[in-house]
Amino acid sequence: WIPLISLFSSCRLNELCQLCYGDIREEKGVWILDITTEEDSNKAVKTVNAHRSIPVHQTLIDLGFIEYFKSLKLAPGSNIWGLKYEDKRNKYGRPMSRAFAKLRDRIFKEVLKRERKPRTKVFHSLRHTFATFARQAFGSDLVTYFDGHSDDDDKKNETTNRYIKYNDYQWLKSELDKVTFPEEVNKLFKRWIEQLNKDSK
């Protein structure tokens with residue numbers, strides 16, 4: 001789930017790996033991911049602008065993420081992935097980073113039949129992919145918000161950002177849901193999740 005959530009939200013690796021049970025909630029009918037340092041003293045965000053609330057993209061809901069989340073029987077404050085903090089440098093994300101690299105290598109070797117592994121294709125590449133498709137969907141103003149970056153120095157966006165209400169989750173979700181990928185890619189997502197569910201039984 002972690003790579004898919006990043007692809008549909010632009011969240012960083014550690015931001016997702018450190019999610020606690022209380023960081024996913026429903027607000028006025030909209031499911032939200034809270035990127036925050038609350039509930040766990042080891043949690044961290046890159047900048048002050050990285051504290052943000054992001055609606056769960058409809059594709060993730062259609063793939064069953066909310067059902068998966070509801071199936072978890074965890075105490076408040078528990079890491080939803082069962083990951084543990086390692087140290088200041090690796091934080092929560094190291095196991096996921098390694099798993100992603102192995103998955104990437106397997107896909108290129110077994111599926112794409114390429115021996116050469118693209119070392120430049122790392123987890124962070126998902127954020128670049130999101131930004132590319134998001135700019136096509138709604139421009140750069142909201143991309144800055146979803147990325148968790150500061151736009152204080154961007155005078156072009158100053159007026160726009162003054163009027164954007166990032167706590168209007170229904171509007172924010174309607175904008176986020178405009179980010180779509182080719183249908184053949186969505187079919188791959190569905191097959192991937194179905195296989196993972198089958199393997200976990």
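The values are calculated or read from the model by the stated rules, or taken from the named source; none is laboratory data. Since this is a predicted model, take the numbers as computed values, not measurements. Reconstructed Cβ throughout: ideal geometry from the backbone, glycine too, with neighbour counts over all protein chains shown. Protein only, heavy atoms only, side chains kept; ligands, DNA and RNA dropped before computing areas. Shrake-Rupley method; radii C 1.70, N 1.55, O 1.52, S 1.80 Å.
Helical content of the chain, expressed as a calculated mean residue ellipticity at 222 nm, amounts to -13500 deg cm²/dmol (DSSP H runs of 4 or more residues, -39,500 (n - 2.57) each, divided by residue number, nearest 500).
Taking Cβ atoms as reference points and 12 Å as the exclusive limit, the residues near Glu184 contribute a net charge of +2, counting Lys and Arg as +1 and Asp and Glu as -1. Over the range 1-81, Cα pairs under 8 Å with separation of 6+ residues give a relative contact order of 33 percent.
Phi angles across the range 57-68 convert, under the Karplus curve 6.51 cos²θ - 1.76 cosθ + 1.60 with θ = phi - 60°, into 3J(HN,Hα) values of 4, 4, 4, 5, 5, 5, 6, x, 5, 5, 4, 4 Hz, Gly and Pro given as x.
What the phi angles of the range 91-100 give under the Karplus curve with 6.51, -1.76 and 1.60, with θ = phi - 60°, is a coupling list of 6, 9, x, 4, x, 5, 4, 5, 5, 5 Hz, glycine and proline written as x.
Calculated on the Cα set of the chain, radius of gyration then Dmax: 17.1, 53 Å.
Placing unit charges on the Cβ atoms of the charged side chains and taking the dipole of the chain about its Cα centre, the candidate lying farthest along the positive direction among Gly139, Gly22, Met96 is Met96. Average accessible surface for the range 1-157: 55 Å² per residue, computed with a 1.4 Å probe over protein heavy atoms with every protein chain in place. Distant-in-sequence amide contacts of Trp31, defined by a placed amide H-H separation under 5 Å and a gap of 5 or more residues or a different chain, comprise Val56.
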